[in-house]
Amino acid sequence: MKDYYRLLGLPFGAPVDKVRARYRELARLYHPDVSKDPAAEEKMRQLNEAYQVLSEPELRLRYHLLLLAQRERQRRKRQKTLQKAWTTYQHRFSADKPVPLYLRYVLLILLLSVAAAAALYHFYHPFPVHKAHLNGYGWPTWPPFLELPPSVTELYLQDNRFSEVPAIVWGLPQLKILRLDGNAIQTLSSRITTLKDLEVLSLRGNQLTALPRGWGELTRLREIDLRDNQLSQVPLELLALPKLERLDLRGNPLSPTMRNRLAQQRHPGILWDAVRAEPDRSQKSPTDDSGRDVLAPATGLSMPHAGE
């Protein structure tokens with residue numbers, strides 16, 4: 001399997017923005033219209049392939065899993081080879097001459113020294129986990145055997161079957177990005193306000209009917225996606241967040257009062273479905289539309305508000 005990270009000269013798991021920057025840098029060097037290298041076209045093809053895989057979330061996750069599986073197979077193959085060599089050596093050595101007792105103690109001391117050094121290094125140089133991609137598993141509840149380190153800053157739990165936010169999320173104080181799209185969440189706990197570093201929250205395609213209070217404490221929150229839920233009201237403190245850049249409320253049955261408040265905000269980043277104008281019932285029409293809901297969301301591209 002091709003190592004796209006090595007091709008781009010990046011470490012394994014490099015973020016997408018670094019992948020994009022490195023791709024553009026190499027593309028300026030090897031583009032066939034610019035480079036005189038006879039192999040420029042082939043290099044550019046490989047760069048395009050690497051960028052396509054590492055920039056698409058689904059392809060990136062699939063590639064990571066395949067690459068990790070390949071490395072695991074290689075590790076097992078090396079382990080099997082070493083085990084076979086050790087068995088052969090042990091059999092031949094024991095057949096000829098037993099291992100002296102002092103040599104066994106020397107070997108044991110060496111092994112313990114290496115283990116202690118590795119443990120000490122890991123204690124002073126931990127390997128923190130910052131991203132956890134656990135989307136698409138169809139979990140109705142959080143697996144009891146799965147724990148997340150507190151160093152996680154990005155958690156992706158889309159396309160599962162959670163009816164509420166897993167309690168383990170509240171134990172991640174450094175969390176900045178939380179995505180729970182495509183679940184079956186009906187209520188959102190007020191403990192969401194304990195995630196003081198949260199910047200991006202996505203709950204698209206759930207079954208939320210109400211939101212808790214206390215959003216004013218999340219002063220770093222800048223992107224909120226609440227599309228396709230059952231919300232009729234939104235806390236006003238959510239609209240007044242100091243760093244709010246985007247609040248998507250499209251696909252929710254917002255009340256007329258809530259729509260008026262949103263219109264008064266005049267925030268270009270707050271999006272909701274435009275309301276259709278009420279039809280003129282004084283004129284006869286070949287079709288009977290009297291039973292349709294005049295507050296149904298507009299078809300096609302939804303607009304943030306009537307003036308946009």
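The values are calculated or read from the model by the stated rules, or taken from the named source; none is laboratory data. The model shown is predicted, which means the values in this text are computed figures rather than measured ones. Methodologically, a virtual Cβ is constructed for each residue, glycine included, from the backbone with ideal geometry; neighbour enumeration extends over all protein chains shown.
General remarks:
- Qualifying residues in segment 3-62 (those that are modelled with pLDDT under 90, within 23 Å of R179 (Cα to Cα) and among the acidic types (D, E)) - the one surrounded by the most Cβ atoms within 10 Å (Cβ to Cβ): E56
- Subset of segment 222-247 (residues that are under 21 Å from F162 (Cβ atoms) and surrounded by 15 or more Cβ atoms within 10 Å (Cβ to Cβ)): E223, I224, D225, L226, R227, D228, N229, L231
- Restricting V169, V200 to residues that are in contact with a strand residue (DSSP E or B) (Cβ under 9 Å, 6 or more places away or on another chain) and surrounded by fewer than 20 Cβ atoms within 10 Å (Cβ to Cβ) narrows the list to V200.
- Of the set (1) touching a Leu at 6+ places or on another chain (Cβ under 8 Å); (2) modelled with pLDDT of 80 or more, all apply to Q74 but (1).
- Qualifying residue in segment 150-166 (condition: among the hydroxyl-bearing types (S, T, Y), assigned to a loop (DSSP other than H, G, I, E, B) and touching a Lys or Arg at 6+ places or on another chain (Cβ under 6 Å)): yes
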